[in-house]
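Working notes for the structure below.
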Amino acid sequence: MYKLERLLVALDLTKMDDILIKYVSHLAEFLKSDKVYFVHISRNLELPEELRRNYPDLMAPSDESITDSIQKVISTAWETDYDCEKVIEIKEGDPSEQILKWVNIKDIDMMVMGRKKELKGGGIVPQKIAKVAQTSLMLVPEDFVFKLNKIVVSVDFSKHAKLAVEEALAISNEKNISLSLVNVFKVPSGYHKTGKNYDEFALIMKGHAKTDFREFVKKNNFPEDLDCQFVLDNDDSPADKIFDFASDQKADMIVMGSKGRTGLASILLGSVAEKVVKYDNEIPLMIVKEKGENMGFLKALLKL
């Protein structure tokens, strides 16, 4: 397991920044992070020549003025006494491309981004970033006030599920935080050829899932008292099942792996994780990726 020591917070100079900074002040304390980068990407810090010529008194926001503005928000929104290094970076260019570039340059362990429902402002698209980022990602809803009493971890018993459980255990270790795992299983097509009905085969698949869970715990030396609930996906919508389970549990965070695959595709999200990213805009979502997955052909991937 790698520690989440270096965080990058994507800011867009809207009200979302205040929410993110408040959230990260607590998250950094829980993770014992060493350094937090607050990054704003402007598509263009310069005014067009024609505007400058026609309106000589008009000034574009400089990187210095933006830095001062962000510093003021940090000074009021950072809610904890946790002391870590805070760095403000103002860059120019395509927001998604530049964020991914600086993740590499600064050796970031996890990005933190906002999920907007009503607030205005754009630039960086969370789904786009989540799909190609080679580092873990935390998505924070716009109306979420930090609390962390319950964590739900989605597991499919893969190596990335292992990373997700490890991170959830690290966050909850020695803290009064409840941790529940959920496995969404389904009945394979063609089950009727076995002579059993749907409900009978669902019980068989649940039994296999329980066996896989016990082997998963043993193989990875996880605590034997880990709780895992098994939910039947009866309408081919596992993302809904994960979110509904977390909502029923009144979870304050969902943690899941990115479902690694072989070759170049291993840096992309699995279909379930991608759907949860699109579906969930109410509960903070942590997508855990194995740090350092190859990010070749970055520009091409950003167009996906």
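For this structure, a couple of remarks:
- Projected label distance in nm at K186 and L203, using a 7 Å step from Cα toward the beta-carbon: 2.3 nm
- Cα gyration tensor category, rounded, prolate or oblate, for region 167-261 with a/c compared to 1.5: prolate
- Largest to smallest accessible area among H160, H192 [probe 1.4 Å]: H192, H160
- For the listed residue pairs K3/K86; K116/K159; K117/K159; K116/K275; K106/K159, the alpha carbons are over 24 angstrom apart in K116/K159; K117/K159; K106/K159.
- Considering only alpha-carbon pairs that sit under 8 angstrom and 6 or more positions apart, the relative contact order computed for region 146-235 is 33 percent.
- Ranked by the mean number of other Cβ atoms within 10 Å per residue, highest first, peptides 133-145, 174-186, 70-82 order as 133-145, 174-186, 70-82.
- Region 123-211 - convex hull of the alpha-carbon atoms, volume per residue in Å³: 177 Å³
- Between the beta carbons of D94 and S158, assuming R0 = 35 Å, the FRET efficiency works out to 0.60 to the nearest 0.05.
The values are calculated or read from the model by the stated rules, or taken from the named source; none is laboratory data. Model, not experiment: these values are computed from the prediction. Every residue, glycine as well, gets a Cβ built from its backbone with ideal geometry; the counts of neighbours run over all protein chains shown. The area values use the complete protein model at the heavy-atom level, side chains included, leaving out ligands, DNA and RNA. Shrake-Rupley method; radii C 1.70, N 1.55, O 1.52, S 1.80 Å.
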